[in-house]
Amino acid sequence: MTHVATPPSTDGTASRARETLDRAVGRLLDLQLPTGAWKGELETNVTMDAEDMMLRVFLGIDTAETREQTARWIRSQQRADGTWATFAGGPGDLSTTVEAWIALRMAGDKPSAEHMAAAREFIVSAGGLEQTRVFTRIWCALFGWWEWTDLPAMPPELMYLGKKLPLNVYSWGCWARQTIVPLTVVCTLRPKRRMKWDLSEISGSSAALSRPEPAEGKTFFNRLDSGLHVYHRHAIGPVRRNALRRAAEWIIARQEADGGWGGIQPPWVYSILALHTLGYPLDHPVLKSAIDGLEGFVIHEDTSDGPVRRLEACQSPVWDTGLALNALLDAGVDPRDPALRRAADWLIDEQITAPGDWVEQRPKLPPGGWAFEYANDNYPDTDDSAIIVMGLNRVITTRGPVQEQAVSRGTAWTAGMQSSDGGWGAFDADNTSGWPAKLPFCDFGAVTDPPSADVTAHVVEMLAAVGRSRGARCQRGVQWLLDHQEPDGSWFGRWGANHVYGTGAVVPALVAAGIDPGAGPIRAAVHWLEDHQNADGGWGEDLRSYDDPAWVGRGDSTPSQTAWALMALVAAGEFGATLARGVDYLAETQRPEGDWAEDRFTGTGFPGDFYIAYHLYRLIFPVWALGRAVQALSKAEQGSRPSLLAPRGSVPRKATS
């Protein structure tokens, strides 16, 4: 059955969407950097700042200025109940609060101070230091507050395991392997820099000292951990020394041009610790570049309380630029517009044409992807690459042959990273081992990179946009998406919060790939979105939905999540009251300068553990959604089915900004 688009419920929806869109487009164009890129702040939680302070204290490179400014920022993020959370509006988190308390103690805050006492009360009531995650206790071990022998073992002999053996370094997700390898060094050599004070104030009661018994399925891995501790005491000298050498060589070979590792904080910090523990002096070129490079991730800001210093866990300029490019194209900005040409030129130059760790699974695949960050050539990802190919395929630049080659390479690499089940993970193909997550060491965050609905959807939509919707890869991707629809009609969102993100990505992809909007899966998704629209017309989903099903599809409305829902409704041909109310929400909450406020986190790093507020999401996605809505409403009024992706070479409205 062919679905007939629902006519607009009011004559004013299209005009209101256009007015809101015009203001937002102007604002987004104003935020473009001179290079042609866009970059919004990537906000996380104070763990980044606390660990940066601990790193500097451990290395002896902290200063009064860095301590004061970092402490001022950490204090500003403490909530009324004395805790720190992993996302705005979330519950207090024990490990985050412990690390913040330690950092403030290092900065000179007295344990008896009111804010420290409030944090201590929460920490002790939650079980104290003994109930924190492994990573927090590693930091405590570095300062002599925790025994290394009481931490799970992770030997450097891991480097000997071939890729066909369980627990080899390539069985972990890229972010995890880059963290695990340096930690095998740190946890083997067990360095200490003792402080003059202890953590007795935040230790738990004697009843809290014993950690929970392992689940039945983890018994073997706990026994393995015990065996590895025995091996540590009797390790064969030459074998261990060679393993440490291999680990160091592996780490150094993956240092990026900006001095970091993977463009993200955890492997960067632990690689510095590992190499320094191995004896590399701080003025060694590798470590000097690494420490200097961290400054590029620091944001300095003057506040009413004084200057603050905070650290981005990562930076997202390539992702932000790819998203902005697509949003502006769908908003009707001329594909020949100089702003879009600058963005396209910048993205073309960011394409990675050298192999990375992904070749372990796809050795014959030619390179051609894009990374998320300024510098991360070892780890391009399919999500960025799909979005960028969609944008570059439509911009009209003066670099025609180079642009076409970039699109061709990017399409081939992204498609070639398909996993054997038909879906796409972000950084690796077939990175689905269940072994790493069962280790006692891995009690925080995702450690593998299996296919996800949101990434697979973006690749499917890209393949459809370049004319490959009938190809075998695209059709297998479509089937993967259909097979992974949730019983309630939504899709899980791995990299964005959560089912609203997944559904907002999948519905446009399926329709672009040829699924009729009247088909059962699309109708089920529409009903789910209708059922979860808030009274104010927007959509929101609290990050607690990753842990508690009661929160799925529920939460305060946000501009970014509302935009995701609108993109799905437009693709499904739903132009009635639900869409109109969503447009009204964006129109009514838009700020005079053309953007939106968004105090909730809507990005996901590790489901259940680590979350992100992308500061440009609140603007880019409304532009994208409103652009598609305006285009679709116009065509619906004319009685024709809208095309979500204008063909390359079309000339829509010229930007006025």
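Rule-based calculations on the coordinates, nothing more; no lab input. This structure is a prediction, so every number in the text was calculated from the model and none was measured. When we count neighbours, we look across all protein chains shown, and the Cβ atoms used for this are built from the backbone with ideal geometry, even at glycine.
Laid out as a table, the results:
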{"item": "Principal axis dimensions, the range 51-122 - Cα atoms, whole angstrom, descending", "result": "33, 25, 17"}
{"item": "Taking N as its residue count, the alpha carbon Rg of the range 429-522 over 2.2 N^0.38 Å", "result": "1.19"}
{"item": "Distribution of pairwise C-alpha distances over the range 288-403, 5 Å bins, in %", "result": "2, 11, 18, 16, 16, 13, 11, 8, 3, 1, 0, 0"}
{"item": "q = 0.16, 0.17, 0.21, 0.23 Å⁻¹: log10 I(q)/I(0) that the Debye formula gives for the range 378-458, counting C-alpha atoms only", "result": "-0.66, -0.72, -0.93, -1.04"}
{"item": "Whole-number Å³ per residue for the convex hull built on Cα positions in the range 365-511", "result": "134 Å³"}
{"item": "Cβ-placed point charges (K, R +1; D, E -1), dipole of the range 303-450 about Cα centre in debye, nearest 20", "result": "340 debye"}
{"item": "Listed residues 474, 136, 156: farthest to the positive end of the dipole of the chain (Cβ charges)", "result": "156"}
{"item": "Taking 86, 398 and counting other C-beta atoms within 10 Å, the order from fewest to most", "result": "398, 86"}
{"item": "Entries of 163/288; 163/438; 39/438 with Cα pairs more than 25 Å apart", "result": "163/288; 39/438"}
{"item": "Along each principal axis, Cα extent of the range 96-170, largest first, Å", "result": "54, 23, 21"}
{"item": "Helix-derived mean residue ellipticity, 222 nm - over the chain, DSSP H n ≥ 4, -39500 (n - 2.57), to 500", "result": "-15000 deg cm²/dmol"}
{"item": "Average Cα contact separation per residue, the range 109-189, under 8 Å, 6 or more apart, as relative contact order %", "result": "20 percent"}
{"item": "Cα principal axis extents for the range 108-267, largest first, Å", "result": "52, 43, 29"}
{"item": "The chain, relative contact order in percent, only Cα pairs under 8 angstrom and at least six apart counted", "result": "20 percent"}
{"item": "Reach of residue 635 by Cα under 20 Å, taken over lysines that are not fewer than 8 positions away in the same chain", "result": "654"}
{"item": "Peptide ranges 31-43, 300-312 listed from the most packed, as the mean C-beta count within 10 angstrom indicates", "result": "31-43, 300-312"}
{"item": "Gyration tensor verdict on the range 527-601 (Cα atoms; rounded if a/c is under 1.5, prolate if a/b is larger than b/c, oblate otherwise)", "result": "oblate"}
{"item": "Alpha carbon convex hull of the range 1-144, volume per residue in cubic angstrom", "result": "258 Å³"}
{"item": "The chain - charge dipole about Cα centre, Lys and Arg +1 at Cβ, Asp and Glu -1, debye rounded to 20", "result": "1740 debye"}
{"item": "Dipole of the chain [Lys/Arg +1, Asp/Glu -1 at C-beta], most positive-end residue of 602, 203, 446", "result": "446"}
{"item": "For peptides 59-67, 92-100, 527-535, 224-232, sequence by mean Cβ density within 10 Å, most packed first", "result": "92-100, 527-535, 224-232, 59-67"}
{"item": "Sorted peptide list for 189-202, 417-430, criterion being average Cβ within 10 angstrom, highest first", "result": "417-430, 189-202"}
{"item": "Estimated Rh, the range 14-69: Kirkwood, alpha-carbon pairs, angstrom", "result": "15.2 Å"}
{"item": "The range 1-125: relative contact order in percent, alpha carbon pairs under 8 Å with at least 6 residues between", "result": "21 percent"}
{"item": "Cβ-placed point charges (K, R +1; D, E -1), dipole of the range 49-117 about Cα centre in debye, nearest 20", "result": "140 debye"}
